[in-house]
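**Student:** Before we start, here is the structure in question, set down as structure tokens.
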Amino acid sequence: MAQLIRGLDDAALRDRVAQATALYFLDWSHPVSGMARERSGGSHGYDIHETVTTGGTGFGLLAQIVAAERGWRPRQQILDRVARLTGFLEGADRFDGVFPHFLNGTTGRVQPFSPGDDGGDLVETAFLMLGLLGAAAYFHEEPELGRRIAALYDSVNWAAHLREDGALMWHHHPDRPWPANALPVRGWNEALPVFVLAAGSRSHPIPAASYHQSWATAPAFRNGRDYGGTVLPLGPDWGGPLFLSQYPFLGIDPRGLRDAYADYGIQARAHALVNRHHCLLNPHGWAGYGPDCWGLTASYDPRGYVAHSPTEDTGTITPTAALSSLPFAPAEAMVVLRYLHDDLGGRIWGEAGFVDAFNLTHDWVAESRLAIDQAPIVIGLENYRSGLLWRLVSGRAEVQRGLRALGFTAPWLDPAIA
């Protein structure tokens, strides 16, 4: 049981929360594959012990790098797990090199995410690749592991997901035509890394036109409206769930990152502040909302799973929303971290840190945790502290090539990397 220790100073509290949250991956990852299980509890129509998630595994790899760096677990132990996981992925189901959303953690066979969704998931694969590339950069003492990870990346046929009109499609099964409800990857949302990694591929690249003429022309891409004194560059009205501007920048450094459409450091901070502003306005009168209790993003909810946002506000606060905003809005996020731990900790703190979500109006606390919500807390706290994951992932040639190919600029882009 993760111990609740009140009254720590800010730095010690951040460390304590990060270390406890990382236990989700250190102690709950699948024993055969080493991949992250989708969730830690509840009944959801599949075996939670065997179902592993590709995107959550990518995030979890970055969280485990933090554990190695901070000495929470021996470096060799994490390295051994990455090597085992890489071997598992080499034999797991892929579709034109693209991994599905869910796999069986023992057999490596695809498990449908939903009816008909049993092929490649390009967004989840991008998140997985970011974690693998970060691990390859961190464990530099094992160049053979790095070569194997690079081979997994090179085998991803990003171009196989290009539709005839130039749109990049989220899901695809090579044995089937595009279904009538096929989903194009269009912005603004969490899928920015897909275009970066796809444009940076030497084996199966996509043209930059797919980014500029499809992703960046979506109706919900540009915003530019003022919300309580904060102008939000991109995204739907009121920004949508916070994960839209958090997942892209777990590994890709938004500081000084710009293209024709936005400054992405400004985007990430503005999205957090707009989300906070809505919670302070609290138009529905939900219990608990305030400067020390804000943060709406996709998570569990009393009525199931909800993509919480200012326009889909059910009174449910998700800890990862504010805590993963720490690199972008540190003062505003730190007071939430302390309140959740010191004041609400008796109800929402336990094994592997905070529960996934809670709703004070309905006196409800989630019974489990989600990989994609736990890992960003660890990653966000570490990027705030040291920028470690940003340096590792953003320094990779695959990322740098992709950003340049799409027209991005940043002070940390290295012109010598080809």
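The values are calculated or read from the model by the stated rules, or taken from the named source; none is laboratory data. Just so it is clear, the model here is predicted, and its values are computed rather than measured. Glycine gets a Cβ as well: all are built from the backbone with ideal geometry, and neighbour counts include every protein chain shown.
**Student:** For residue 141, are the conditions met, namely being farther than 20 Å from residue 324 by Cα and of a type in the set (Asp, Glu)?
**Tutor:** Taking the combined requirement at face value, the residue satisfies it.
**Student:** Given the residues 93, 121, which is the only one that is surrounded by fewer than 24 Cβ atoms within 10 Å (Cβ to Cβ) and in contact (Cβ under 8 Å) with a residue 12 or more places away in the chain?
**Tutor:** From the options 93, 121, the qualifying one is 93.
**Student:** If I ask for residues that are under 26 Å from residue 64 (Cα atoms), at pLDDT 95 or above and outside any strand (DSSP E or B), which ones from the range 340-365 would you list?
**Tutor:** Of everything in the range 340-365, those that are under 26 Å from residue 64 (Cα atoms), at pLDDT 95 or above and outside any strand (DSSP E or B) turn out to be 340, 341, 342, 345, 348, 355, 356, 357.
**Student:** Sticking with this one: Select from the range 236-265 the residues that are touching a strand residue (DSSP E or B) at 6+ places or on another chain (Cβ under 9 Å) and among the hydroxyl-bearing types (Ser, Thr, Tyr) and write down the one among them that is surrounded by the fewest Cβ atoms within 10 Å (Cβ to Cβ).
**Tutor:** In this case the residue turns out to be 261.
Residues checked against (1) aliphatic (A, V, I, L, M); (2) in contact with a Cys (Cβ under 7 Å, 6 or more places away or on another chain); (3) closer than 17 Å to residue 4 by Cα; (4) buried (at least 24 other Cβ atoms within 10 Å of the Cβ):
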| site | (1), (2), (3), (4) |
| --- | --- |
| 342 | no, no, yes, no |
| 349 | no, no, yes, no |
| 352 | yes, no, yes, no |
| 373 | no, no, no, yes |
| 383 | no, no, no, yes |
| 389 | yes, no, no, yes |
| 406 | yes, no, no, no |
| 411 | no, no, no, no |
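**Student:** Which one is modelled with the lowest pLDDT among residues in the range 1-14 that are surrounded by fewer than 20 Cβ atoms within 10 Å (Cβ to Cβ) and either aliphatic (A, V, I, L, M) or under 20 Å from the mean Cα position of the chain (by Cα) (or both)?
**Tutor:** 1
**Student:** OK, next. Looking only at the range 301-325, count every residue that is in contact (Cβ under 8 Å) with a residue 12 or more places away in the chain, part of a loop (DSSP other than H, G, I, E, B) and more than 21 Å from residue 25 (Cα to Cα) and tell me the total.
**Tutor:** 8
**Student:** Checking residue 106 against (1) assigned to a loop (DSSP other than H, G, I, E, B); (2) closer than 30 Å to residue 19 by Cβ; (3) within 20 Å of the chain's Cα centre (by Cα), which single condition isn't satisfied?
**Tutor:** It is condition (3) that residue 106 fails.
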